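A short write-up of the structure that comes next.
The values are calculated or read from the model by the stated rules, or taken from the named source; none is laboratory data. Fair warning: this is a prediction, and the values are worked out from it, not measured in the lab. Heads up, the Cβs are rebuilt from the backbone with ideal geometry, glycines too, and the neighbour counts pull from every protein chain shown. To get the accessible areas, we keep the full protein, side chains included, count just its heavy atoms, and leave off ligands, DNA and RNA. Shrake-Rupley method; radii C 1.70, N 1.55, O 1.52, S 1.80 Å.
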Amino acid sequence: MMVRKFKLSLITVVCLVFGEVAFAGNSNFQIAPPPIAYPYFEEGKTDWKIEPMLMNIESSQADLSLVGGGLNFIGRQAFSEYLAIDMQGSISALSGQMAGIAPMYYSTSFYPRVDGKSDVSMGSMSISFNIEAQLIKEDAGSLIVFFGPNLGLTNMNLTTPYSLVRISDGAVTSGYTDQMQILSSTVGAQFGMQGSLSFGKGLSISPFFMISSTSGTATITDDPNTSDTSESEYTVDIPESTTTSFGMDIIMDEISIGTILQSIATADDNSDVNIIMFRFGYHF
């Protein structure tokens, strides 16, 4: 049981969807560009936006370092100067390393000893829908409030080198590799706002803020790859959790360059997960 608790506390730091994934009630983060196509809309107009993304995630608590990228696609239909609906879809992938995680190995004669970091690879997809209300639309700037549901799916794989230590005399047998897979699905809702300030000649800045609430389930499969221990699988609930994100776009005509900075502190030890994401978007 101690091994399981230790493992879940570390997985909490990295189990994410680049839409939305939270793992554990108070330790979570999300990566999400603002799910609207542009900081203003016009009656009857359809807007589209494509955004390639580059991401970096670090955590000193879990000795975590992940890099990767993805693609975000957004569509919007405006019914009037004040009301619109939109849909956002994202796919993304990350890879890197984190502090080694002991396998789910149970024996009365041996215990596992982690011999190095865990290699991490993961992919995710997400989709969200929003109702948008345009509160301000002037030549100098605009303000849109949006809210709606979101769905997310993440598949994460961890590979960890370890040894078995014999309890009776401390003899060590090395060369084992643990393989773990975590498949997570979440559902939730989001609320946010995005504005813009125009500086003329097609240049504007567009800050945004979003609050997202998610919950779901995660199925964890672990294979210690030994002859005396079989593969184990169990499902855990992902309790409801709330995350905030913020960022800013720099818009030049139909091209936007955005950066998201996040620092999410865990409730139990005040340690941080730091996220930096760069986005390059084209609006048409």
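A few notes on this one:
- Residue in the range 36-80 that is farthest from Leu158 (Cα to Cα), counting only those that are open to solvent by 70 Å² or more (accessible area, probe 1.4 Å) and not in a strand (DSSP E or B): Glu43
- The number of residues in the range 174-214 that are under 30 Å from Arg113 (Cα atoms) and out of contact with any Leu (no Cβ under 6 Å at 6 or more places or on another chain) comes to 10.
- Residue check, Thr173 in contact with a Lys or Arg (Cβ under 9 Å, 6 or more places away or on another chain) and either among the hydroxyl-bearing types (Ser, Thr, Tyr) or without any contact (Cβ under 8 Å) to a residue 40 or more places away in the chain (or both): yes
- The single condition among (1) open to solvent by 50 Å² or more (accessible area, probe 1.4 Å); (2) modelled with pLDDT of 90 or more that Tyr106 does not satisfy is (2).
- Within the range 115-127, the set of residues being open to solvent by less than 50 Å² (accessible area, probe 1.4 Å) and in a strand (DSSP E or B) comprises Ser118, Val120, Met122, Gly123, Ser124, Ser126.
- Residue that is surrounded by the fewest Cβ atoms within 10 Å (Cβ to Cβ) [pool: residues in the range 238-258 that are among the acidic types (Asp, Glu) and part of a strand (DSSP E or B)]: Glu240
- For the range 187-202, a residue qualifies if it is farther than 16 Å from Glu138 by Cβ and modelled with pLDDT under 90, and the qualifying residues are Lys201, Gly202.
- Test: Phe208 is hydrophobic (A, V, I, L, M, F, W, C), within 26 Å of the chain's Cα centre (by Cα) and surrounded by fewer than 17 Cβ atoms within 10 Å (Cβ to Cβ): no
Residue-wise test of (1) open to solvent by less than 80 Å² (accessible area, probe 1.4 Å); (2) farther than 20 Å from Ile50 by Cα; (3) in contact (Cβ under 8 Å) with a residue 40 or more places away in the chain.
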site: Gly89; (1), (2), (3): yes, no, no
site: Ser95; (1), (2), (3): yes, yes, no
site: Ala99; (1), (2), (3): yes, yes, yes
site: Ser142; (1), (2), (3): yes, yes, yes
site: Val145; (1), (2), (3): yes, yes, yes
site: Thr159; (1), (2), (3): yes, yes, yes
site: Ile182; (1), (2), (3): yes, yes, yes
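- Count of the range 10-64 residues which are among the polar types (S, T, N, Q) and at pLDDT below 55: 5
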